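Read-outs throughout are calculated quantities, based only on the coordinates presented, and are distinct from any laboratory measurement. Everything quoted here is computed from the prediction, not taken from an experiment. When we count neighbours, we look across all protein chains shown, and the Cβ atoms used for this are built from the backbone with ideal geometry, even at glycine.
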Amino acid sequence: MNSPLLGLRVGAIVFGLMTLAQLFRLAVQPEVLVAGHLMPLWPSVIAVLILGFLCFWLWNLSKPMHR
């Protein structure tokens with residue numbers, strides 16, 4: 001595996017772990033305070049969609065093309 005493909009795979013794994021963390025936040029629903037204000041859960045839904053898309057996109061880009 002060459003370096004660009006490895007970089008794409010590592011990026012996909014990082015985005016995948018971040019997606020799992022956001023899903024965990026949605027499941028547990030902890031109270032998160034930012035500057036004394038309660039952080040709502042809806043940004044985590046958006047984060048799951050964006051991070052999940054990036055994970056699958058990078059993983060698909062990292063698949064070697066067959067000639």
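Using the basic label-point model (7 angstrom from Cα toward the beta carbon), what is the residue 29 to residue 46 distance in nanometres?
Label-label distance for residue 29 and residue 46, simple model: 2.1 nm.
Quick one: if the Förster radius is 22 Å, what FRET efficiency do residue 2 and residue 57 give, using the C-beta to C-beta distance and rounding to 0.05? Could the numbers behind the result be given before it?
Numbers: r = 19 Å, r/R0 = 0.86.
Here the calculated transfer efficiency is 0.70.
What are the ³J(HN,Hα) values, in whole Hz, obtained from phi via the Karplus relation 6.51 cos²θ - 1.76 cosθ + 1.60 with θ = phi - 60°, for each residue of region 39-47 in sequence order, with x given for Gly and Pro?
Going residue by residue, I get 7, x, 8, 4, x, 5, 5, 5, 5 Hz, with x marking Gly and Pro.
If one computes P(r) from the Cα atoms of the chain, what percent of pairs lie at distances over 17 Å?
Of all Cα-Cα distances in the chain, 51 percent exceed 17 Å.
Test of understanding: what is the full-extension gain from residue 37 to residue 17, defined as 0.36 nm times their sequence separation minus their Cα-Cα distance? Show your work: numbers first, answer last.
Numbers: separation 20, 0.36 × 20 = 7.20 nm, distance 2.63 nm.
Extra length from residue 37 to residue 17 when fully extended: 4.6 nm.
Before anything else, pin down the relative contact order of the chain: Cα pairs under 8 Å, at least 6 apart, normalised by residue count, whole percent.
On the way: 52 pairs, mean separation 34.9, N = 67.
About 52 percent, as a whole number.
Helix 3-28 versus the longest principal axis of the chain: what angle, 0 to 90°, nearest 10, using Cα atoms?
For helix 3-28, the angle is close to 20 degrees.
What 222 nm value per residue comes from the helices of the chain, counting each DSSP H run with n ≥ 4 as -39,500 (n - 2.57) and dividing by all residues, nearest 500 deg cm²/dmol?
Result for the chain: -24000 deg cm²/dmol, rounded to the nearest 500.
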